[in-house]
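Each remark here refers to the structure printed beneath this line.
What follows draws every value from the coordinates through simple rules; no lab data is involved. Bear in mind that the values here come from a model prediction, so they are computed numbers and not experimental data. Note: ideal-geometry Cβ built from the backbone for every residue, glycine included; neighbour counts use all protein chains shown.
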Amino acid sequence: MRQYVEQRGANDFKHITLFLTTALRESWEEIRLSPFQVDFLGPLPSRSLVLFTKVIFPVVGFVKNPARLIPNHEVERILEIPLEHFFDSAHYAMLTIETASPCDNRTCEETLFPCFTQPAPSGQEDILWGATFSIVMTFLQTVFDFTPPVPTREVARRRLRTDYLNGSGRNNLPAR
C-alpha cells in the first residue's frame, strides 16, 4: 500500500498518512482498537457534515485478530453489523430529525435522512444515519458497486438535543 500512496506524490502521501495516523489514534482513544491490528486499505472521499462546519476524512482498514473493544466517554456504544445485512432492503428506511432552537426549544426544522436499521439487544432498533450512513454507503458502492434501495418506510421521528447541535453531546439521537 505504501508504494501505491507514494506514487501519488509527496503531497498525497503526506495527507493520507496524516488521515491514517489520526484515524488510528482516535480509534485507540475512543474504543481501544490496537493500531498494530489494523491493515490500512485506503482512503474514502471526504465528507462535509450537514449540521456542523466540519469535514470527515474516512479511511478503511481491516482489523486482524479483533480483541474486545472498550468504548470511552465519547462513545455511547459499539454496533456490530454483519456485512450481509447491508444487502437486505428490509433494513433501509427514512428517519425524520427535528432540530430545535437552543434558545426556546421549539421545533424549527424537520429533515428526512435515509438510514439503516437493525434490531438492538434492547428490543428496539439501532439506527445508522447521517455521516456514518453516508460513509458506509460510499464504501459499499466503491467495493461492491452497491446502491442502497430507496426506502419505503419511515422508521422513526427524533428530535436532536440542543447539546448535540452545539457539539457537547455524545449521542446522535435522544433516548427513545
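Summary of values
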| quantity | calculated |
| --- | --- |
| Built amide H within the under 5 Å cut-off of Val59, gap 5+ | Leu44 |
| Full-stretch length increase - Arg159, Ser122 - with 0.36 nm per residue and alpha-carbon distance subtracted | 11.3 nm |
| Karplus 3J(HN,Hα) series, Hz, for segment 122-135 with 6.51 cos²θ - 1.76 cosθ + 1.60 (x for Gly, Pro) | 6, x, 8, 10, 7, 10, 9, 8, x, 4, 5, 4, 4, 5 |
| Net charge, Phe146 excluded, C-beta distance under 12 Å - Lys, Arg +1, Asp, Glu -1 | -3 |
| Sites Thr111 and Glu29 - FRET efficiency at Förster radius 25 Å, r taken between beta-carbons, to 0.05 | 0.25 |
| Other-chain or far-sequence residues with amide H under 5 Å of Asp126's (modelled H) | Gln118, Ala120 |
| In order through segment 63-68: 3J(HN,Hα) via Karplus (6.51 cos²θ - 1.76 cosθ + 1.60), integer Hz, x for Gly, Pro | 8, 8, 6, x, 9, 5 |
